[in-house]
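The values are calculated or read from the model by the stated rules, or taken from the named source; none is laboratory data. What you are looking at is a predicted structure, and each value in this text was computed from that prediction instead of being measured. In this analysis, Cβ positions are derived from the backbone assuming ideal geometry, glycine residues included, and neighbour counts consider all displayed protein chains.
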Amino acid sequence: MAPNSADSVIVLDFETTGLSPNMGDRAIEIGAVKLVNGEVVDTFQQLMNPGFRVSGFIESYTGISNRMLSTAASCSEVMDDFADFIQGSQLVAHNASFDKRFLDAELDFIGRDYTGKFACSMLIARRLIQDAPTHKLGDLVRFKNIDNDGTFHRALADSEMTARLWLLMIDELQSDHGIQQPSFQLMQKISKTAKGSIPKLLMSNRG
């Protein structure tokens, strides 16, 4: 997988018991899509048992029940496999700071690490799709007419939708701004650039 190509990445999504691993929350599902040259070449999806019951709110929000989790593998077992899956790849998530917190926490539990850097599709969409009503994943998917099956808040479905949004933004950088083969580093830079400075940044990367 080319480390500098924006269309060769792993797009991931966690479903969790809450908002903060620092407050004792754990991952309950991981989904990921591996892209190489803009094509899906592999996926990863696993439920994981956090070792305690999840709230009724989380059950209804995600559709993941305590019964489903009761037969799932442990977080440690699943995350050990996932650490192998992501090695050597750059990483993308929608609201990446959330997913990075849980990835870091779950891998820290088992003494594993990863080498890739993160890019946030939500921050990039705020700069490249400024006319969207909101920059929530579901709203962006509808606004851009991205194919979907209507399933959200399950990890693999959300990572698949994020991957399609990510590739659409790459395509628009190429078609609308003349940027050939956008790099992962450019996508990271877009996410950190003030909205008013985006036109200048894109112009400087044409060709």
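Restricting the stretch 1-30 to residues that are among the hydrophobic types (A, V, I, L, M, F, W, C) and without any contact (Cβ under 8 Å) to a residue 40 or more places away in the chain, the residue that is farthest from residue 171 (Cα to Cα) is 23. Taken over the stretch 104-159, the criterion of being under 23 Å from residue 29 (Cβ atoms), polar (S, T, N, Q) and modelled with pLDDT of 95 or more is satisfied by 121, 159.
Considering every residue within the stretch 64-83, establish whether at least one is in contact (Cβ under 8 Å) with a residue 24 or more places away in the chain and closer than 15 Å to residue 117 by Cα. Yes, some residue in the stretch 64-83 is in contact (Cβ under 8 Å) with a residue 24 or more places away in the chain and closer than 15 Å to residue 117 by Cα.
Restricting the stretch 127-141 to residues that are in contact (Cβ under 8 Å) with a residue 60 or more places away in the chain and surrounded by 18 or more Cβ atoms within 10 Å (Cβ to Cβ) leaves a set whose member that is nearest to residue 160 (Cα to Cα) is 128.
Here 124, 110 are screened, and the one residue that is crowded, with 17+ Cβ neighbours inside 10 Å and of a type in the set (Val, Ile, Thr) is 124. Among the residues of the stretch 86-101, those that are crowded, with 19+ Cβ neighbours inside 10 Å and out of contact with any helix residue (DSSP H, G or I) (no Cβ under 6 Å at 6 or more places or on another chain) comprise 86, 89, 91, 96, 99. The set of residues in the stretch 178-193 being within 13 Å of residue 8 (Cα to Cα) and hydrophobic (A, V, I, L, M, F, W, C) consists of 184, 187. Residue check: residue 175 meets all listed conditions (1) of a type outside the set (A, V, I, L, M, F, W, C); (2) over 19 Å from residue 13 (Cβ atoms); (3) buried (at least 20 other Cβ atoms within 10 Å of the Cβ) but one, namely (3).
Any idea which of (1) in contact with a strand residue (DSSP E or B) (Cβ under 9 Å, 6 or more places away or on another chain); (2) more than 20 Å from residue 151 (Cβ to Cβ) is the one residue 40 doesn't satisfy? Going through (1) in contact with a strand residue (DSSP E or B) (Cβ under 9 Å, 6 or more places away or on another chain); (2) more than 20 Å from residue 151 (Cβ to Cβ) one by one, residue 40 breaks only (2).
Checking 2, 6, 83 one by one, the residue that is among the small types (Gly, Ala, Ser) and modelled with pLDDT under 95 is 2 and no other. In the set 108, 113, 99, only one residue is in a loop (DSSP other than H, G, I, E, B) and acidic (Asp, Glu); that residue is 113.
A quick yes/no check of all residues on (1) among the acidic types (Asp, Glu); (2) within 18 Å of the chain's Cα centre (by Cα); (3) more than 15 Å from residue 100 (Cα to Cα):
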site: 12; (1), (2), (3): no, yes, no
site: 38; (1), (2), (3): no, yes, yes
site: 51; (1), (2), (3): no, no, yes
site: 64; (1), (2), (3): no, no, yes
site: 68; (1), (2), (3): no, no, yes
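Each residue in the stretch 141-166 was checked for being in a helix (DSSP H, G or I), of a type outside the set (Asp, Glu) and over 12 Å from residue 121 (Cβ atoms), and 5 of them qualify.
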